[in-house]
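Please read the structure below before turning to the comments.
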Amino acid sequence: MSVIVAVRKDNRIVMAADTLTTFGDSEVMPQENARTPKVGRIGDSLIGGAGWAVYDDILNDFLATRPTPDLSSSRKIFTFFLDFWKALHEHYTFVNDQAAQAGSPFGDLDSTFLIANSGGIFTVASDLGVTPLNRYYAIGSGGEYAIGVLYTLYERTDDIAELASDAVKAAIAMNLQCGGAVDVLQLTT
């Protein structure tokens with residue numbers, strides 16, 4: 001699993017993540033042997049995903065054949081993920097159409113995404129629901145620990161890169177599914 005953190009303050013945006021690589025219950029060691037980047041850029045946005053790592057490959061393949069999407073609002077993100085969902089069924093047929101809960105009327109990506117840009121911070125739930133946020137958020141294993149750090153320190157510091165890194169480090173310390181080094185990406189809007 002992964003922990004992804006996004007922080008937005010003034011005209012700055014930071015996204016941080018752990019770099020742990022696992023295959024089921026096995027962790028790839030040493031860290032120098034397999035360091036998995038979990039945050040990246042799509043145009044003017046930072047994006048990270050928590051869940052199945054194969055979505056990184058699928059998303060990169062999907063984006064390689066299209067113009068860079070505008071992910072600056074909830075509606076535009078939702079539209080992008082609707083197109084992505086359609087492509088999953090048409091071109092990536094090895095992805096199962098499943099529901100997280102038996103009684104759910106919605107399909108399930110079985111992964112969540114975090115997007116940050118000048119329009120805000122947005123979570124994309126496994127059912128494709130998009131939620132906008134203003135200051136910070138974290139997804140993935142250990143996300144609750146990271147959010148605790150963000151909540152406690154957000155008003156106390158202007159160094160949001162250090163804040164995001166500390167939030168990921170807390171998740172690494174408190175959750176067995178997080179680990180490795182911390183990657184940090186920054187945007188100025």
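Please treat every number below as a calculation from the coordinates, not as lab data. It should be emphasised that the depicted structure is a prediction, and the values quoted were computed from it without experimental measurement. No Cβ is skipped: glycine too gets one built from the backbone with ideal geometry, and neighbour counts run over all protein chains shown.
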Seminar exercise, completed: With only helices counted (DSSP H, runs n ≥ 4, each -39500 (n - 2.57)), the per-residue ellipticity at 222 nm for the chain, to the nearest 500, works out to -9500 deg cm²/dmol
For this session: Report the full-extension gain for the segment Asp70 to Asn134: residue separation times 0.36 nm, less the Cα-Cα distance, to one decimal in nm.
Result: 21.2 nm
Exercise. How do the peptides 114-124, 52-62, 171-181 rank, highest first, by the average count of neighbouring beta carbon atoms within 10 Å per residue?
Worked result: 114-124, 171-181, 52-62
Exercise. Between Asp61 and Arg41, what is the label-to-label distance in nm when each label sits 7 Å out along the Cα-to-Cβ direction?
Worked result: 2.5
For this session: Please list the non-local residues whose amide H lies under 5 Å from the amide H of Tyr137, H modeled 1.01 Å from N, same-chain partners needing a gap of 5 or more.
Result: Ala6
Problem set entry | Student exercise, region 3-188 dipole from Lys, Arg, Asp, Glu Cβ charges, in Debye to nearest 20 | 500
Exercise. Net charge near Phe113, counting Lys/Arg +1 and Asp/Glu -1 over other residues with Cβ under 15 Å of its Cβ?
Worked result: -3
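Could you give the length gained on full extension between Phe78 and Leu176, defined as 0.36 nm per residue of separation minus the Cα-Cα distance, in nm?
Once the chain is fully extended between Phe78 and Leu176, it gains 32.1 nm.
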Exercise. How many nm separate the modelled label positions at Asp108 and Thr188, each set 7 Å beyond the Cα in the direction of the Cβ?
Worked result: 4.4
Exercise. So, in nm, how far is label Asn11 from label Lys86 when the simple model puts each one 7 Å beyond its Cα toward the Cβ?
Worked result: 3.7
